[in-house]
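Here's the structure, in structure tokens; my notes come after.
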Amino acid sequence: MTKRPIVMYSLSFFMGCLSFLFYINNVYLGAVLAASFLYIIFIKKEIIYFLIITSFFLTGFFRITTYFNYHPNGEERIRIIKANNNYIVGEARGRKLNITGEINELEEGRLILARGEFSKDINYKRGVIGSYNITKYKNLKEDLIYKFSNYKSNVIEKLSEYLDEDELSLVVSLCFGDVEGLHEIDKFKLQKLGVIHAVSVSGFHISIVYKFIEMLVGSGGALLCTLFYAIFTGLSYSTLRAFIMIFVLYLSKRVYKKYDGISSLSLAFILILLHKPYSFMEMGFALSFLATLGIILHDKQVKSFLKGLPKKLQDSLSITLSAQIFTLPYIAFTINSFSLGFLLGNIFLVPIFSFVVVLGNMSLFLIKFPILFKFLSYILYGFCNLIQYISYLLIRISPSMYYLGFYEGVYFMILYFSYIMVRKGRDKFKFLPLISFIVILFNIITIFPTINFINNEYVKGAIIRYNSECIMVCNYNLEQGKELTDIKDRYKVAKVITDIEKNFEINLKKYKANIIYGQEDILGIKFKKKNDTLFIPADKGDNTYRIIFGRIFRWRD
């Protein structure tokens, strides 16, 4: 047996879920993945351990299979988990459903008995098994979850009497986990400052609430109140993870056992996957666990590296930096953007967020006392304005967003792998990052003309890169400035040319690029060099074109 067997159990459970996804796309690929994993365990461990690992693997496989293969009946008990003007999402026996049909006056949190027809339309990433078209329904007994949801709505409505729309949306997102009211520009600012995690209830909020209540009523009462708070705010992955880890910490003190963060994190991983087996495909789940893993494994090492700084600054920076170790590669593969502004955001904004979280949640208890509630609302108003002012200043001095792609993600993983190998005494791996850097640099430098076509609902055009030049040619809606900014940051565009005439020409040192336009879209680009002409037709995929020694090559970014 290994020192931390639960780590392998959680990995085995995950591999079972992952094998299912491979299996539904390609039977042979799924079988190869499952057999390879189990064979490695078989040849490395004793038979008892292999059987335990296999049982966890099969549990994961069959749990996700039964989740997506469920077919709701003509009459189902459905919990409404999301209700707004655009869509309604419900849950039937723990499975997500898109709700359609007779859905007037359906309230979030409400449990209903619905009659209707189910049509299967699986979205594996979101955990949706299909759509349920309701023909008739009746409200069932108002339970705790509905009462929490209704109470939250009342508090928000009362806060709206004293807070403007911007301040209200910030308080609601910080304290109650509802980010839909936040303006897209505000989300972009918080993302650039690396504190977007703080405006959707997460482990950050759970720890603040638990520590604050623990000071008042002790750990037992704090644990119970934290559970209610997690339910109240919607049981996101990060709140569930944080609560499970706090609960394990609480139990370890009661049974006089040493708390182990990795084992606690692994237990949370298994329990959440058991409840929602698709969750590992969602970004919130991955970022929460990867950030926590980085903090557990490397917080002390980063803190020793920052030795000499004031303790509070050292603690804040060490947690912030260690959380990036595993999330950065994931961000490179998914979000594709990163800003060093996260250092400023976590140093200057997160402490203020902590006060807003405490004060905002106090409003839940003071709503019955109008004078105190009004006084608290004015304090929240002041903090919100302070946050907006500081955010404005930090945005002004923060570096631009950096684009991270596949190559950067791979390089971050190579760096970490080399670090681990060198620490284990394998000194020859210290040259691997340099070799990898040279190989990756060769793939991303633009010593040859490089073309990317942009085709989304907001911006249509092309980006041409050659040596030090990077020019974007496009037509776009002026109201969609953020989308253009995102593209500029991603590709490091130096110059943008808009509203161009048909057959516009750009001089690129040795080349002349002639942009061929149709009625609205780019049809293609002609490249001329002396007497040679090459034509690249517009591509609606995510492909990159390069002209190398007079020939056109295409590959995905």
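Below is a table of values for the structure above.
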{"read-out": "Residues of segment 237-284 classified as among the hydroxyl-bearing types (Ser, Thr, Tyr) and within 20 Å of the chain's Cα centre (by Cα), total", "value": "6"}
{"read-out": "Test: residue in segment 129-136 that is on the phi > 0 side of the Ramachandran plot and either buried (at least 17 other Cβ atoms within 10 Å of the Cβ) or aliphatic (A, V, I, L, M) (or both)", "value": "yes"}
{"read-out": "The listed residue being modelled with pLDDT of 85 or more, surrounded by 17 or more Cβ atoms within 10 Å (Cβ to Cβ) and not β-branched (Val, Ile, Thr), out of Leu344, Leu349, Leu380, Leu372", "value": "Leu380"}
{"read-out": "Matching option when the condition is under 24 Å from the mean Cα position of the chain (by Cα) and under 15 Å from Pro277 (Cα atoms), among Phe68, Phe62, Phe56", "value": "Phe68"}
{"read-out": "Test result for Thr233, of a type outside the set (A, V, I, L, M), in contact (Cβ under 8 Å) with a residue 40 or more places away in the chain and within 22 Å of Pro5 (Cα to Cα)", "value": "no"}
{"read-out": "Which listed residue is aliphatic (A, V, I, L, M) and touching a strand residue (DSSP E or B) at 6+ places or on another chain (Cβ under 8 Å), from Ile331, Ile272, Ile262", "value": "Ile331"}
{"read-out": "Among (1) touching a residue at least 12 places away in the same chain (Cβ under 8 Å); (2) of a type in the set (Ser, Thr, Tyr); (3) surrounded by fewer than 20 Cβ atoms within 10 Å (Cβ to Cβ), the one test that Tyr389 misses", "value": "(1)"}
{"read-out": "Pairs with Cβ under 7 Å, 6+ apart, first in segment 346-365 and closer than 12 Å to Leu386 by Cα, second of a type in the set (A, V, I, L, M) and surrounded by fewer than 17 Cβ atoms within 10 Å (Cβ to Cβ)", "value": "Phe348/Ile390; Leu349/Ile390; Ile352/Leu386"}
{"read-out": "Any hit, segment 90-112, residues being surrounded by fewer than 19 Cβ atoms within 10 Å (Cβ to Cβ), touching a helix residue (DSSP H, G or I) at 6+ places or on another chain (Cβ under 8 Å), closer than 21 Å to Tyr278 by Cβ and not assigned by TED's automatic domain parsing to the domain that holds Ala286", "value": "yes"}
{"read-out": "Verdict on Glu117 being in a loop (DSSP other than H, G, I, E, B), surrounded by fewer than 19 Cβ atoms within 10 Å (Cβ to Cβ) and not assigned by TED's automatic domain parsing to the domain that holds Ser363", "value": "no"}
{"read-out": "Checklist (1) at pLDDT 80 or above; (2) assigned to a loop (DSSP other than H, G, I, E, B); (3) not hydrophobic (A, V, I, L, M, F, W, C) applied to Thr446, failing item", "value": "(1)"}
{"read-out": "Tally, over segment 137-169, of residues that are out of contact with any Leu (no Cβ under 9 Å at 6 or more places or on another chain), of a type outside the set (Asp, Glu) and either under 23 Å from Leu235 (Cα atoms) or loosely packed, with under 15 Cβ neighbours inside 10 Å (or both)", "value": "7"}
{"read-out": "Among the candidates Phe212, Phe232, residue that is on the phi < 0 side of the Ramachandran plot, at pLDDT below 80 and either crowded, with 18+ Cβ neighbours inside 10 Å or not polar (S, T, N, Q) (or both)", "value": "Phe232"}
{"read-out": "Number of the exception - Val357 against (1) at pLDDT below 80; (2) within 30 Å of Val155 (Cα to Cα)", "value": "(1)"}
{"read-out": "Leu235 vs. criteria part of a loop (DSSP other than H, G, I, E, B), outside the structural domain of Ile80 (by TED's automatic domain parsing) and not basic (Lys, Arg)", "value": "yes"}
{"read-out": "Phe338, sole failed condition from (1) in contact with a strand residue (DSSP E or B) (Cβ under 9 Å, 6 or more places away or on another chain); (2) aromatic (Phe, Trp, Tyr); (3) over 21 Å from Leu293 (Cβ atoms)", "value": "(3)"}
{"read-out": "Single residue of Arg423, Arg465 found to be more than 30 Å from Val350 (Cα to Cα), basic (Lys, Arg) and surrounded by 14 or more Cβ atoms within 10 Å (Cβ to Cβ)", "value": "Arg465"}
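Condition check ((1) of a type outside the set (Ser, Thr, Tyr); (2) part of a helix (DSSP H, G or I)) across all residues:
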| site | (1), (2) |
| --- | --- |
| Phe20 | yes, yes |
| Tyr39 | no, yes |
| Thr54 | no, yes |
| Tyr67 | no, yes |
| Asn73 | yes, no |
| Ile80 | yes, no |
| Thr100 | no, no |
| Glu105 | yes, no |
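The values are calculated or read from the model by the stated rules, or taken from the named source; none is laboratory data. Everything quoted here is computed from the prediction, not taken from an experiment. Heads up, the Cβs are rebuilt from the backbone with ideal geometry, glycines too, and the neighbour counts pull from every protein chain shown.
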